[in-house]
Each structure stands twice: as C-alpha cells, then as structure tokens.
Amino acid sequence: MKYALVTLSVPLYNSTFTYSYDESAIPSPLYRRVQVDFNHRKMTGFVIAISDEKPEGGYDVKGILKVIDKEDVINDELIRLSRDMSYLYKNSMGQCLSLMVPSAKRDSDSSPFFEENDFIPIEHLSADQERVIREYHEWRKKGRSLFYLYGVTGSGKSEVYLRLAEETIRDGGQVLYMVPEITLSEQLSKNVKARFNSRVQIMHSALTPSQRLKIARLVKSGDVDIVIGARSAVFAPFKNLKLIIMDEEHETSYKASNAPRYHARQLAQLRSKYNEAPLIMGSATPSFECFKLMKEGRIVTLSLPRRIGKGAFPDIRIVNTLGQKGNISQILQTEIKAALEKKNGVILFLNRRGYSSSVLCNSCGEAVRCPNCSISLTYHKKGKVLKCHTCGYVMPLVKTCPSCHSHDLITSGLGTEMIEEELRTLYPFARIKRLDGDTAENDKGYISETLGQFERGDIDILLGTQMIAKGLNFPKATLVGVVNADQSIFLPDFRANERTFALLQQVSGRVGRYRDDGRVIIQTSQVDNPAIRAVELNEPEEFYRREMEVRRKIGYPPYSRLINIRIRSRKEDKARAEAEAVEAFLSEYFDEREGIEMYPATSSLIEIINNYYRYHVLIIAKDESFSFALKVLEVLRASYKVDHDVQLEIDTDPIDMF
C-alpha cells in the first residue's frame with residue numbers, strides 16, 4: 001500500500017489530506033487529478049506527493065476512488081506557485097491549483113489553433129526599437145531580469161516583443177505573451193501565427209475546459225513555442241519557459257475578481273524568478289506601482305518615446321459639456337461629419353452600456369433599484385428591460401415608482417444604446433455598429449467580426465465601451481470621440497485620476513498610429529482635472545509626478561500596500577458583528593505596530609450584492625510592515641472561526657473598494 005498527499009479545492013487553512021492506493025491496481029497518481037471521498041462527498045483533488053509511509057495518528061486512511069488523468073497535469077513549478085499564491089492571497093493550495101488546471105475530463109477534438117496567416121514582419125526597425133533591443137541584451141548580460149518597455153501608443157512595442165520572442169525560441173525556449181483582454185489575444189494570435197510556424201496557442205477563460213486541457217498538454221510537452229493569453233495564461237505548464245511578456249501592464253483585468261484574487265503581474269514575477277526567465281512588461285501608461293519601481297531602478301526602463309513611421313500624436317481638444325444640449329456636442333458632430341466625408345473611420349467611446357444609467361421618479365427622486373443589490377438598475381431600451389450589471393437581475397420596465405407609486409418616471413444618465421440611437425438620427429447614411437457587453441454577450445464571434453469590419457472600412461462609426469479603448473490598431477480611423485470623460489473621475493476611489501488618465505491616453509492612441517491627421521475630442525465637465533489636462537497637453541511625466549506626490553503624502557499605494565478583508569452574509573447583523581470581531585482580533589496585533597494602519601469595520605460602498613450584506617476591514621501597510629501583516633493573517637486563517645452564516649475573504653492588493 002502506498003500513500004498520496006492530495007490537496008483539495010476547499011476553503012480550509014489546510015487543504016491537503018492523505019489517501020491510500022494499491023500500486024498494483026492504480027499506477028502512480030503523482031501530479032495527476034484523483035477522485036476521493038471527502039466528508040462523504042466525491043471531490044477532485046491533486047496529488048502533490050507520494051510516500052511509502054503511513055502517516056502517524058492511528059486514524060483510518062481512505063483510498064483513492066479513481067485516477068482521472070493518464071498523464072501529469074501539474075508539475076513542481078505549479079505546486080510551488082500554488083504555495084506562494086496561498087500565502088500571498090490567503091486561499092488554500094487546492095483552491096489555487098484548481099485555477100491552474102481545467103476541469104475537463106478529456107481533451108477536446110476541436111482545434112484551438114487559428115487559421116489566419118496574414119502577418120508580415122517589419123523588415124526595418126526604427127532607431128528607437130533597435131536601441132531598446134540592444135539595451136535589453138546589455139542589461140541581460142548584467143543579470144537583470146525585470147524590464148519595462150515604456151513606449152507611447154504606436155511606438156512599436158509589439159514588434160520589439162516579437163523580435164525578442166523569436167530570439168528566445170531560436171535558442172530553444174518557450175514564451176508566454178500576456179495581454180489583458182480576450183479581444184487582444186485573438187487579434188494578436190492572427191498576427192503572430194505565421195511568424196512562429198503555427199506553434200502558437202491562445203489561452204483564455206472563454207475556451208472550453210477540454211480545449212484548455214488540450215492546450216496545456218501541448219505546452220507541457222514542449223510542442224508549443226509561444227502561448228498568447230489573458231490573465232489565466234499565467235498558469236500554463238511550460239516545459240522550458242524562457243521569456244514572459246506582459247503587454248498593457250496597467251490594465252485592471254490582470255487582477256482576478258473572484259477568490260483567489262490573484263494579480264497576474266505578481267505571479268508573472270514569481271514565474272520569472274523560478275525559471276530565471278526575463279519578464280518584460282510594457283505600456284504607454286504604467287501602473288503607479290511599476291512607475292515607482294522604474295524610478296527607483298528596480299525595474300529596467302526601456303523607452304520608446306516616438307511613434308514609428310508616419311504616425312504622429314493626434315490633435316486633442318477638450319470640450320466643456322457644462323450647459324451643453326444633447327449628448328454629442330456641436331464640435332464633435334462637426335468632426336464626425338468631416339471624417340465621414342473623407343471616408344475615414346470614427347471611434348466613439350463611452351464606458352457605460354445600456355440606454356440610460358437609471359430610471360428616476362420625478363416625484364420622490366428615488367431610483368428604481370435592484371432587489372438584490374444596493375444599486376440602481378440600468379435601462380435597456382431594446383427589450384424595454386431594467387438590468388443589474390452587478391448580479392444579472394432583469395425585470396420589465398416599470399410604469400410606476402416602486403416607492404411612491406407615481407407614474408412620473410424619467411431616465412437619467414446615458415449609455416451606449418442611447419448614443420447609438422442619437423448617432424443614427426444625426427448620420428442616417430453612416431454604417432454604425434456598437435460593441436459592448438450587451439452586443440457581444442451571446443455571440444463569441446461578434447467581437448472579432450466587428451473589429452475586422454471596422455479595420456477593413458466596412459463600418460464608418462464604431463461605438464463602444466472599453467473593449468475598443470486599448471491595444472487595437474485601426475489604420476483607417478482618424479477621429480476618436482470620448483462622449484463623457486466624467487464617469488471614471490467621480491468614482492469614490494483614490495485611483496480615479498490614474499484610471500481616467502490611462503483610459504483617455506489609451507483611447508486617444510487608437511488614432512494617429514499610421515498617419516498625421518488624427519484628432520481626439522474629449523467631452524467633459526471637468527476641464528481642469530489633472531488627468532484630463534495631462535492628456536490634452538501630452539504631459540504624462542508631469543501627471544505621474546504630481547499624482548505620486550499626493551499618494552506619498554497620504555501614504556497610499558504605491559507607498560504602501562492594501563489588504564481588504566471582506567465579510568458578507570445574508571443577515572446584516574451577522575455581517576456587521578463578524579466584521580467587528582475580525583477588527584478586534586487583528587487589533588491585538590496591529591494597534592501598536594508601526595507602519596500598519598487598520599480602518600474600522602464598515603459597510604462596503606456597495607452595501608448589498610446578490611442579497612449579501614457586505615462589510616470590510618481595510619489594512620494599510622508600509623512596505624516594510626507588509627510581511628508582518630501577511631503573517632498575522634496566517635494566524636487569522638489558522639485560528640479564527642467564522643460564523644457559519646458568514647463568508648470571509650482576504651483580498652491582497654485590491655484594485656477597488658466596492
């Protein structure tokens with residue numbers, strides 16, 4: 001009889017248990033998934049070690065019920081990564097490993113390869129591109145492994161990445177190329193397949209588990225040279241990983257929104273360290289965390305300050321919307337008309353889907369709210385329904401106010417659906433298409449089809465949310481219009497200016513990449529906002545300098561690190577009491593500790609989501625005290641007993657407080 005150490009995806013401090021197996025009946029299950037009986041339930045776990053010795057304790061050891069895989073699905077590196085993840089993000093090893101391996105029982109027969117073969121490499125690099133590749137190799141000889149390709153939009157970062165990837169593959173290594181969105185991974189895969197002789201795979205959460213499992217096995221066997229993918233691609237089981245590329249590093253989609261709430265940038269840094277493989281991050285708008293490390297010299301900065309070829313920075317104009325009638329200003333209307341007359345493409349950006357953001361009662365002032373969440377419902381004119389974009393609740397449009405029963409209801413705020421209607425009235429002969437979460441919701445091919453149409457010139461005006469704001473290249477586009485830049489400014493978040501600047505800078509970068517006649521119109525009521533002024537004047541360094549000084553004075557990231565402990569329950573009193581109890585538990589460790597500040601337990605900004613009352617305890621730790629905070633939270637995980645009606649989750653380095 002032999003014994004296997006099996007880790008399960010359960011929210012326990014220790015998720016690893018011993019099971020027995022008969023070697024004559026079951027081949028070695030090491031690094032494979034197995035089915036076991038846990039607490040009278042059949043569960044799937046991962047075998048991370050085997051032993052000839054029965055564990056001490058005198059208790060009965062249950063046997064493995066079934067070995068699911070015929071070959072390994074994890075390796076030593078992923079086990080090591082799961083341990084580090086467990087400690088940093090405070091979830092069990094089993095929960096972390098379950099993210100890394102698809103739940104499929106067998107490979108898919110459908111090919112995950114893309115068939116497009118239309119990319120021609122750039123023959124001659126710009127002087128800046130040649131310089132950064134030369135600098136990269138010089139720093140590599142000095143033993144440096146963390147790099148940041150800080151380049152303006154249209155400066156040719158992608159070609160630098162691909163040249164370095166080609167060098168790595170020629171030397172026998174594999175490459176991980178990460179992008180923040182599925183949209184970008186699909187477009188990029190089209191561009192690189194021909195260059196790498198089809199030994200390219202795309203990995204993201206939209207693939208079926210069977211497809212993902214097939215790709216993982218190809219990667220693990222070494223039959224794939226380069227993996228392109230969104231956040232979850234960081235878990236690919238490489239045989240010989242020698243280069244990691246992380247494009248658009250600043251994007252918040254690299255942070256998982258569900259537990260374990262990992263950040264792909266942090267895991268990429270760990271895998272870089274494990275494999276002694278360089279990590280090259282890049283963006284025109286670095287995160288403040290990376291910008292600080294660059295200024296301190298802890299990350300090597302490779303600079304691309306100019307656009308390549310005939311590309312030029314667009315002319316940017318700010319339009320004050322105070323007192324404006326209609327959603328599209330006269331100035332923007334004129335610019336759209338001029339672009340259409342020249343047969344040029346127009347991109348209109350509004351980061352809110354639906355027709356209007358809320359339905360209000362004109363008598364009592366109350367908004368029609370979601371019955372499950374403490375937020376207002378969004379009106380969608382198509383279908384005449386109200387939707388909650390948080391929990392997914394849908395109801396028919398009401399005719400009377402739920403609070404006072406008045407019939408005097410009005411819509412408030414604007415969404416892409418409303419702007420589309422307005423555009424069709426203003427430009428009846430223009431070919432207009434909308435790209436947002438609603439239009440793409442039930443059609444996986446809609447995104448790539450729409451982007452392809454716009455790229456070919458079959459669409460005149462592309463209206464969309466942040467799906468169209470980043471990383472995409474549209475040679476025919478000459479005008480970008482930002483319908484309402486105020487939405488991100490007024491978020492109750494200390495990162496509001498940072499996000500506004502990054503979003504506007506990125507969406508402005510969609511034009512002027514191949515020509516010198518790009519124009520950007522930004523509509524806002526906050527014309528003096530620092531982020532908007534920095535975009536208008538093209539002064540990113542000054543914006544970073546000022547905003548970082550504000551962060552330094554108040555002690556917020558990147559000059560500290562946050563840990564948010566979220567507590568939720570269907571019973572408000574239970575959630576509040578548990579949050580206060582957690583605060584009291586941690587106070588014994590943190591009250592006298594210099595460098596750590598703990599905010600009192602309080603309700604979350606969105607107090608109710610999906611009928612759960614939400615409270616949180618926020619910890620702010622200076623860099624030197626962060627490791628102490630993690631150790632204390634290990635004590636919390638190991639010894640604190642949570643009420644059975646309550647769920648507790650620890651979010652390390654949260655990106656929002658909602």
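Things worth noting here:
- Residue that is modelled with the lowest pLDDT [pool: residues in segment 425-483 that are closer than 21 Å to Ile521 by Cα and aromatic (Phe, Trp, Tyr)]: Phe474
- Considering residues of segment 524-577 that are free of Cβ contacts under 8 Å to residues at least 40 places away in the same chain and part of a loop (DSSP other than H, G, I, E, B) only, the residue surrounded by the fewest Cβ atoms within 10 Å (Cβ to Cβ): Asp528
- Check on Glu135, charged (D, E, K, R), in contact with a helix residue (DSSP H, G or I) (Cβ under 9 Å, 6 or more places away or on another chain), modelled with pLDDT of 60 or more and under 28 Å from Asn275 (Cβ atoms): no
- The set of residues in segment 61-92 that are of a type in the set (A, V, I, L, M, F, W, C) and either more than 16 Å from Gly45 (Cβ to Cβ) or assigned to a loop (DSSP other than H, G, I, E, B) (or both) comprises Val61, Ile64, Leu65, Ile68, Val73, Ile74, Leu81, Met85, Leu88.
- For segment 268-288, a residue qualifies if it is assigned to a helix (DSSP H, G or I) and in contact with a helix residue (DSSP H, G or I) (Cβ under 8 Å, 6 or more places away or on another chain), and the qualifying residues are Ala268, Leu270, Arg271, Tyr274, Asn275, Phe288.
- Strands (runs of 3 or more DSSP E) enclosed by segment 302-361 - at least 1 residues per element that are under 19 Å from Thr411 (Cα atoms): 358-361
Rundown of residues vs (1) among the charged types (D, E, K, R); (2) in contact (Cβ under 8 Å) with a residue 40 or more places away in the chain, yes/no style:
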site: Met1; (1), (2): no, yes
site: Val6; (1), (2): no, yes
site: Ser15; (1), (2): no, yes
site: Asp22; (1), (2): yes, yes
site: Val36; (1), (2): no, no
site: Lys42; (1), (2): yes, no
site: Val47; (1), (2): no, yes
site: Val61; (1), (2): no, yes
site: Ile68; (1), (2): no, no
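- Filtering segment 190-234 to residues that are buried (at least 23 other Cβ atoms within 10 Å of the Cβ), part of a helix (DSSP H, G or I) and either in contact with a Gly (Cβ under 8 Å, 6 or more places away or on another chain) or modelled with pLDDT under 75 (or both) leaves nothing.
- Ser257 vs. criteria under 23 Å from Phe147 (Cβ atoms), out of contact with any helix residue (DSSP H, G or I) (no Cβ under 6 Å at 6 or more places or on another chain) and not aliphatic (A, V, I, L, M): no
- Within segment 315-330, no residue that is of a type in the set (Gly, Ala, Ser) sits with its Cβ atom under 7 Å from a residue that is loosely packed, with under 14 Cβ neighbours inside 10 Å at 6+ positions apart or across chains.
- Taking the criterion of being hydrophobic (A, V, I, L, M, F, W, C) and either buried (at least 17 other Cβ atoms within 10 Å of the Cβ) or out of contact with any helix residue (DSSP H, G or I) (no Cβ under 8 Å at 6 or more places or on another chain) (or both), the residues of segment 490-519 that qualify are Phe501, Ala502, Leu503, Leu504, Val507, Val511.
- Wholly within segment 580-647, strands (runs of 3 or more DSSP E) carrying at least 1 residues that are outside the structural domain of Asp493 (by TED's automatic domain parsing), among the polar types (S, T, N, Q) and touching a strand residue (DSSP E or B) at 6+ places or on another chain (Cβ under 6 Å): 602-609
- Test for Pro29: is it within 26 Å of Ser639 (Cβ to Cβ), outside the structural domain of Leu213 (by TED's automatic domain parsing) and surrounded by 13 or more Cβ atoms within 10 Å (Cβ to Cβ): no
- Segment 435-451 - residue that is exposed (fewer than 15 other Cβ atoms within 10 Å of the Cβ) and among the small types (Gly, Ala, Ser) and, of those, nearest to the chain's Cα centre (by Cα): Gly437
The values are calculated or read from the model by the stated rules, or taken from the named source; none is laboratory data. Here the structure is a predicted model, which is why all the values come from computation and not from measurement. Neighbour counts are summed over all protein chains in view; Cβ atoms, including those assigned to glycine, are modelled from backbone coordinates with ideal geometry.
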